[in-house]
1. Hey, does region 317-327 have a residue that's assigned to a loop (DSSP other than H, G, I, E, B), out of contact with any helix residue (DSSP H, G or I) (no Cβ under 7 Å at 6 or more places or on another chain) and without any contact (Cβ under 8 Å) to a residue 40 or more places away in the chain?
2. Consider region 54-72. How many of its residues are closer than 23 Å to Asn165 by Cα, part of a helix (DSSP H, G or I) and not basic (Lys, Arg)?
3. How many of the residues making up region 59-106 are among the aromatic types (Phe, Trp, Tyr), in contact (Cβ under 8 Å) with a residue 60 or more places away in the chain and more than 9 Å from ligand 1 (Cβ to nearest atom)?
4. Counting only residues that are charged (D, E, K, R) and more than 14 Å from the chain's Cα centre (by Cα), which one in region 183-203 is farthest from Val87 (Cα to Cα)?
5. For the structure I just gave you, tell me whether Val56 is more than 18 Å from His225 (Cβ to Cβ), β-branched (Val, Ile, Thr) and within 12 Å of ligand 1 (Cβ to nearest atom).
6. Looking at Lys157, Lys113, which one is basic (Lys, Arg), at pLDDT 95 or above and more than 16 Å from ligand 1 (Cβ to nearest atom)?
7. Could you check region 1-39 and list, in sequence order, the residues that are under 15 Å from Leu121 (Cβ atoms), among the hydrophobic types (A, V, I, L, M, F, W, C) and assigned to a helix (DSSP H, G or I)?
8. Residues Ile238, Ile258: which one is more than 19 Å from the chain's Cα centre (by Cα), surrounded by fewer than 16 Cβ atoms within 10 Å (Cβ to Cβ), modelled with pLDDT of 95 or more and not polar (S, T, N, Q)?
Amino acid sequence: MKNILVTGGAGFIGSNFVKYVLKKYDYTIINYDKLTYAGNLENLTDIERHPNYKFVKGDICDKDMVEKTLKDYSIDTIVNFAAESHVDRSILGSREFIVTNILGTQTLLDVAKSIGIEKYLQVSTDEVYGSLPEDKKEILFTEKTPITTNSPYSASKASADLLCNSYYHTHKFPVLITRCSNNYGPYQFPEKLIPLMIAKALDGQKLPVYGDGKNVRDWLYVEDHCSAICEVLHKGKIGEVYNIGGNNEWYNIDIVKIILKLLGKTEEQITYVKDRPGHDRRYAIDSTKIQTELGWKPAYQFEGGIEATIKWYVENENWWRKVMSGEYQKYYEKNYSTKMV
Ligand code: NAD
Ligand code: DAU
């Protein structure tokens with residue numbers, strides 16, 4: 001493994017991954033990103049001149065551009081982060097999700113298969129497993145949990161996983177799949193729960209909690225996701241799926257209360273709004289396989305991770321104010337105007 005194509009490397013997890021790899025290893029990274037509303041080169045200013053880093057603006061659905069990039073940079077490994085990633089947006093309109101998440105993955109697989117590469121890692125999600133019962137805490141998502149998709153986003157991610165699996169079985173194409181739980185940390189677009197609530201709290205605005213606030217998510221600090229992907233790239237068995245998670249389940253409402261408390265704000269800012277349609281109740285990952293077979297474990301405790309994240313948003317107000325202007329305002333109005341009760 002020498003030359004890695006990281007797709008979606010200007011997004012939240014992708015940009016953290018690019019920096020993590022450049023800091024820890026001697027690989028060359030080609031960051032291939034379309035720069036949608038979620039892609040931001042400001043996430044990468046500290047490493048943009050790194051000798052082992054190059055940025056290429058491109059769409060994963062563009063076969064010719066993907067092919068040229070793989071050839072120009074003698075790519076031997078692909079890590080595919082590029083995706084439409086926000087569930088609420090997939091409810092407002094699913095087309096982009098189908099195009100990028102499914103057709104984009106198919107394009108990458110086809111081009112990489114025809115050129116020949118060493119490894120292709122598909123960054124997937126625990127959402128492909130559907131929702132867990134709230135009252136049976138002993139039940140977790142394992143790699144054998146059947147695929148059950150409840151949002152257009154998760155349906156598109158699961159479709160991509162199934163395609164990857166089919167290329168492995170049919171073409172012996174060297175695929176690895178990771179399925180991670182909810183990430184949090186610096187550079188997360190403030191349409192997702194944690195950064196949205198931090199920004200709203202700092203601005204003295206209402207914090208919109210969906211439904212009863214008792215949906216459960218399993219939170220992992222973004223750098224732990226990055227280290228897990230590296231372990232899978234280095235030691236994972238081709239054709240296998242690896243779940244990634246931190247055994248860290250929280251009710252949404254408790255996350256919101258922690259944020260308010262750490263920022264010295266009162267719970268009066270909380271407002272309950274109409275629920276997300278088809279809202280999955282509980283996600284929780286069993287990461288026994290990656291822990292026992294590959295020796296990975298998370299390095300961050302939630303208490304430290306959430307404090308570091310809040311500190312980052314407090315210190316980088318310009319970053320989130322800029323990304324929350326323009327197109328974002330229209331999205332926010334569209335998503336939340338029908339939810340306010
Ligand atoms: P993000 O929305 O922050 O970033 C997505 C990136 O992909 C952006 O830089 C965007 O410009 C780029 N992109 C979108 N369409 C593209 C296209 N057609 N061609 C090239 N680039 C394109 O997403 P994220 O939260 O960083 O998630 C990254 C990946 O990890 C996604 O595949 C997501 O499904 C998966 N994932 C996310 C989480 C999470 O909690 N955020 C958890 C598990 C898995
Ligand atoms: O589980 C992994 C997935 O986590 C990733 O695959 C997705 O890309 C990522 O977006 C995330 O999906 P969620 O839907 O779980 O994340 P989100 O931050 O949108 O919402 C987290 C929870 O908070 C969810 O139960 C909905 C709730 N929520 C969210 C928003 C934006 C609210 O209550 N209010 C809000 O305004």
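1. Filtering region 317-327 down to residues assigned to a loop (DSSP other than H, G, I, E, B) leaves 324-326.
So of that shortlist, the ones also out of contact with any helix residue (DSSP H, G or I) (no Cβ under 7 Å at 6 or more places or on another chain) come out as 325-326.
From what's left, without any contact (Cβ under 8 Å) to a residue 40 or more places away in the chain: 325-326.
Yes: one or more hits.
2. Quick first cut of region 54-72, residues closer than 23 Å to Asn165 by Cα only: 59-63, 66-67, 70.
The next check asks that each one be part of a helix (DSSP H, G or I); those that pass are 63, 66-67, 70.
Next cut, not basic (Lys, Arg) only: 66-67, 70.
Count: 3.
3. First, pick out the residues of region 59-106 that are among the aromatic types (Phe, Trp, Tyr): 73, 81, 97.
Cutting the leftovers down to in contact (Cβ under 8 Å) with a residue 60 or more places away in the chain gives us 73, 81.
Within this subset, residues satisfying the condition of being more than 9 Å from ligand 1 (Cβ to nearest atom) are 73.
Count: 1.
4. Step one: list which residues in region 183-203 are charged (D, E, K, R), which gives 191-192, 200, 203.
Narrowing the set further to residues that are more than 14 Å from the chain's Cα centre (by Cα) leaves 200, 203.
Values: Lys200: 20, Asp203: 24 Å.
Only one residue tops the list, namely Asp203.
5. On the way: more than 18 Å from His225 (Cβ to Cβ): yes; β-branched (Val, Ile, Thr): yes; within 12 Å of ligand 1 (Cβ to nearest atom): yes.
Yes; evaluated as a whole, the condition is true for this residue.
6. Residue meeting the stated conditions: Lys113.
7. If the condition is that a residue be under 15 Å from Leu121 (Cβ atoms), among the hydrophobic types (A, V, I, L, M, F, W, C) and assigned to a helix (DSSP H, G or I), then Ile13, Phe17, Val18, Val21 are the ones that fit.
8. Details: Ile258 fails: surrounded by fewer than 16 Cβ atoms within 10 Å (Cβ to Cβ).
Matching residue, one of Ile238, Ile258: Ile238.
The values are calculated or read from the model by the stated rules, or taken from the named source; none is laboratory data. Please read all numbers here as calculations on a predicted model, not as lab measurements. For neighbour counting, all protein chains shown are included, and Cβ atoms are generated from backbone atoms with ideal geometry for every residue, glycine included.
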